[in-house]
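The values are calculated or read from the model by the stated rules, or taken from the named source; none is laboratory data. Model, not experiment: these values are computed from the prediction. Cβ placement follows ideal geometry from the backbone for every residue including glycine, while neighbour counts extend to all protein chains displayed.
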Amino acid sequence: MKKKVSKKSTPSRREFVKQGVMASSIFIVPRHVLGGKGFTAPSDQLNLAAIGSGGKGSSDIKNASVSGRERVVALCDVDFSGSATRSVENFPTAKKYADYRKMLDMETDIDAVTISTPDHVHGPAAKYAMDRGIHVYVQKPMTHNIREARVLTELAREKKIVTQMGNQGGSNPLLNMVQGWIDSGKIGTVSKVQVWTNRPVWPQGVEMPAPDASLEPSDLHWDLWQGPAPKTDFIPNLHPFNWRGWWDYGTGALGDVGCHLIDIPFRTLNLKYPTDAECSVGTIFTKMWTPDYHPQGCPASSFITLHFDATEKTKAPIEMTWSDGGIRPSHPAIIPADNDIGGGGSKNGVLIIGDKGVISTNINDSSPLMPKLYLNDGTTDFGPEVEPKDEPEYGHQRKWVDACKAGFGSEEHKALTSSFDYAGPMTETVLMGNLAIRSYMLQRENEKGQMEFFARKKLLWDGENMRITNLEEANQFVTRTYREGFEV
């Protein structure tokens, strides 16, 4: 049975883990005494916990445990009657909590946590852990809004926290093939990127269900599920998945797969903050001449344009377009008409377009990346459509755990593909699309007493200062109002 670590001793142990060295012989137990080849001494294990233990959280904490190499001491979830039961079965000795704040305050020997909650809780939970010196793995999108991403990025540096965002495709070795094509100038000067998805695959663009306290499940801690969002009676059909389409909780199609898809050009072209954003959205009419208007939720489809300054990888300014709701770009003439663009069925994908050719890839999650190179001279080069995998999700969680043990600033830490130094600016870029969408839907009363849209324009973005410079009303979407106890 593991000895209880006192609050007084916790900082020294955590500092030991950060530095990745054995500071005292008290922690050293010879392997030949405790076990044979491949045995991990208890002193070499991280104490892990999960915030959000069901859904994606169950695989995140399982992969972080590295097949039992690390010790999972606590699980947090607002509903242990659902898919979180898998984590309970995998880690039967872990203590269970509904409130991550209580877990982190009581379990003072936790070294690192996986955070796999709905989007709106990512920032508050990560900050609460990081303020206590705990390393964090946070599912994509890293945060619910732009300001949260900047706060966590700066906090990680300040407190020397080892971080990783859960866009696991960033660790896919086939990205090196795409990077090689870019770096060697195969497709020439890149000026345009097109990104698209078939999401949403959940209810979106419709009216939010009405609250109904009588339908609240007995096993769900609804108040904790709401986290920083405005307090309301139970809203049916949001938990556990359909929250994605509502701004109080989710970040729409961009939040779901933007950090997988936009990651590919953002990473390989070394992009920085966009300089502007504009959008249009699909309109639904359930009454003649009267468009449905549901500003509390994401639209059924959207088209977004972002511009970026030239980098050493691009040599020219970049225009990036994003489309969702099943809207995809036209099939480039250079790609044979019978070939998919992007992934299978052309449902999701990225096209990186240069003056000498085009790179086509699939979504960058655990789907096959399927990189394909088409050059104007007829040359082609294709990566494999079935990827060999030596470990789950390209070792994305395991590499984070190894970096936690090696310490902040270690080679293992520097090798992480989505530490917050990278994932923060990339997430801000993804969420710029949502800022554009929400601004596009702003209405106000005109001099005739009629409601009109007033913000349907290109928004100029000062990335360093996180401000729209030509429409003050749009800046409300850089952050949010927080319920007490869940601030960032």
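Against the definition (part of a strand (DSSP E or B), among the charged types (D, E, K, R) and in contact (Cβ under 8 Å) with a residue 12 or more places away in the chain), how does ASP381 come out, yes or no?
Working: part of a strand (DSSP E or B): yes; among the charged types (D, E, K, R): yes; in contact (Cβ under 8 Å) with a residue 12 or more places away in the chain: yes.
Judged against the criteria, ASP381 is a match.
Looking for whichever is touching a residue at least 40 places away in the same chain (Cβ under 8 Å), surrounded by 13 or more Cβ atoms within 10 Å (Cβ to Cβ), on the phi < 0 side of the Ramachandran plot and assigned to a loop (DSSP other than H, G, I, E, B) here; the options are THR321, THR314. Which one fits?
Working: THR321 fails: assigned to a loop (DSSP other than H, G, I, E, B).
Just one listed residue meets the conditions, THR314.
Pairs please, first residue from the range 44-57 and on the phi > 0 side of the Ramachandran plot, second anywhere and surrounded by fewer than 21 Cβ atoms within 10 Å (Cβ to Cβ) and not hydrophobic (A, V, I, L, M, F, W, C), Cβ atoms under 6 Å, 6+ apart in sequence or on different chains.
Every condition considered, the pairs that remain are GLY55/SER83.
Need pairs with beta-carbon distance below 8 Å; first residue charged (D, E, K, R) and within the range 463-483, second part of a strand (DSSP E or B) and buried (at least 18 other Cβ atoms within 10 Å of the Cβ); sequence gap 6+ or separate chains.
Sorted first by the residue in the range 463-483, then by its partner, the pairs are ARG467/TRP461.
For the range 273-290, does any single residue satisfy the condition of being closer than 23 Å to LEU175 by Cα and within 20 Å of the chain's Cα centre (by Cα)? Lay out the reasoning, then the answer.
Step one: list which residues in the range 273-290 are closer than 23 Å to LEU175 by Cα, which gives 273-274.
From what's left, within 20 Å of the chain's Cα centre (by Cα): 273-274.
There is at least one residue in the range 273-290 that is closer than 23 Å to LEU175 by Cα and within 20 Å of the chain's Cα centre (by Cα).
Working carefully through the options GLU412, GLU473, find the one that is among the charged types (D, E, K, R), within 23 Å of THR268 (Cβ to Cβ) and touching a helix residue (DSSP H, G or I) at 6+ places or on another chain (Cβ under 8 Å). Outline the logic, then answer.
On the way: GLU473 fails: within 23 Å of THR268 (Cβ to Cβ).
The match here is GLU412.
Can you name the residue in the range 75-115 that is assigned to a strand (DSSP E or B) and under 18 Å from SER59 (Cβ atoms) and, of all such residues, is nearest to the chain's Cα centre (by Cα)?
Ranking the candidates gives ILE115 first.
(1) modelled with pLDDT under 95; (2) more than 27 Å from the chain's Cα centre (by Cα); (3) over 20 Å from ARG199 (Cβ atoms); (4) among the polar types (S, T, N, Q): which one isn't true of THR314, the others all being true?
It is condition (2) that THR314 fails.
Check PRO203, PRO230, PRO236 and return the single one that is touching a residue at least 60 places away in the same chain (Cβ under 8 Å), part of a loop (DSSP other than H, G, I, E, B) and of a type outside the set (A, V, I, L, M, F, W, C). Before you say what the answer is, go through the steps one by one.
Working: PRO203 fails: touching a residue at least 60 places away in the same chain (Cβ under 8 Å); PRO236 fails: touching a residue at least 60 places away in the same chain (Cβ under 8 Å).
So the residue among PRO203, PRO230, PRO236 that is touching a residue at least 60 places away in the same chain (Cβ under 8 Å), part of a loop (DSSP other than H, G, I, E, B) and of a type outside the set (A, V, I, L, M, F, W, C) is PRO230.
Restricting attention to the range 172-186, which residues are surrounded by fewer than 21 Cβ atoms within 10 Å (Cβ to Cβ) and part of a loop (DSSP other than H, G, I, E, B)?
Result: PRO173, LEU174, SER184, GLY185, LYS186.
Looking only at the range 41-49, decide whether some residue is among the hydroxyl-bearing types (Ser, Thr, Tyr), at pLDDT 50 or above and buried (at least 19 other Cβ atoms within 10 Å of the Cβ). Talk me through it step by step, then tell me what you get.
Residues of the range 41-49 among the hydroxyl-bearing types (Ser, Thr, Tyr): 43.
Now drop any that are not at pLDDT 50 or above, which leaves 43.
Adding the requirement that they be buried (at least 19 other Cβ atoms within 10 Å of the Cβ) leaves none.
No, because not a single residue in the range 41-49 is among the hydroxyl-bearing types (Ser, Thr, Tyr), at pLDDT 50 or above and buried (at least 19 other Cβ atoms within 10 Å of the Cβ).
Test ASP109 against the criterion of being free of Cβ contacts under 8 Å to residues at least 60 places away in the same chain, farther than 21 Å from GLN168 by Cα, surrounded by fewer than 20 Cβ atoms within 10 Å (Cβ to Cβ) and charged (D, E, K, R), and give yes or no. Quick ask: steps written out before the conclusion?
Values: free of Cβ contacts under 8 Å to residues at least 60 places away in the same chain: no; farther than 21 Å from GLN168 by Cα: yes; surrounded by fewer than 20 Cβ atoms within 10 Å (Cβ to Cβ): yes; charged (D, E, K, R): yes.
No: the conditions fail for ASP109.
Check whether at least one residue in the range 275-286 is out of contact with any Pro (no Cβ under 8 Å at 6 or more places or on another chain), assigned to a loop (DSSP other than H, G, I, E, B), in contact (Cβ under 8 Å) with a residue 40 or more places away in the chain and surrounded by fewer than 22 Cβ atoms within 10 Å (Cβ to Cβ), and report yes or no. Full working, then the answer.
Initial filter on the range 275-286 (out of contact with any Pro (no Cβ under 8 Å at 6 or more places or on another chain)): 275-280, 286.
Then drop every residue that is not assigned to a loop (DSSP other than H, G, I, E, B), which leaves 275.
Keeping just the survivors that are in contact (Cβ under 8 Å) with a residue 40 or more places away in the chain gives 275.
After this cut, where a residue has to be surrounded by fewer than 22 Cβ atoms within 10 Å (Cβ to Cβ) as well, the list is 275.
Yes, the range 275-286 contains at least one residue that is out of contact with any Pro (no Cβ under 8 Å at 6 or more places or on another chain), assigned to a loop (DSSP other than H, G, I, E, B), in contact (Cβ under 8 Å) with a residue 40 or more places away in the chain and surrounded by fewer than 22 Cβ atoms within 10 Å (Cβ to Cβ).
Please identify the pairs in which a residue from the range 397-409 that is on the phi < 0 side of the Ramachandran plot and modelled with pLDDT of 95 or more has its Cβ atom under 6 Å from the Cβ atom of a residue that is of a type in the set (A, V, I, L, M) and not in a loop (DSSP other than H, G, I, E, B), counting only partners at least 6 apart or on another chain.
Close Cβ pairs satisfying both conditions: GLN397/ALA64; VAL401/ALA64; CYS404/ALA112.
Of everything in the range 291-311, what is surrounded by fewer than 15 Cβ atoms within 10 Å (Cβ to Cβ) and either among the β-branched types (Val, Ile, Thr) or assigned to a strand (DSSP E or B) (or both)? Give them in sequence order.
Residue satisfying the conditions is PRO291 alone.
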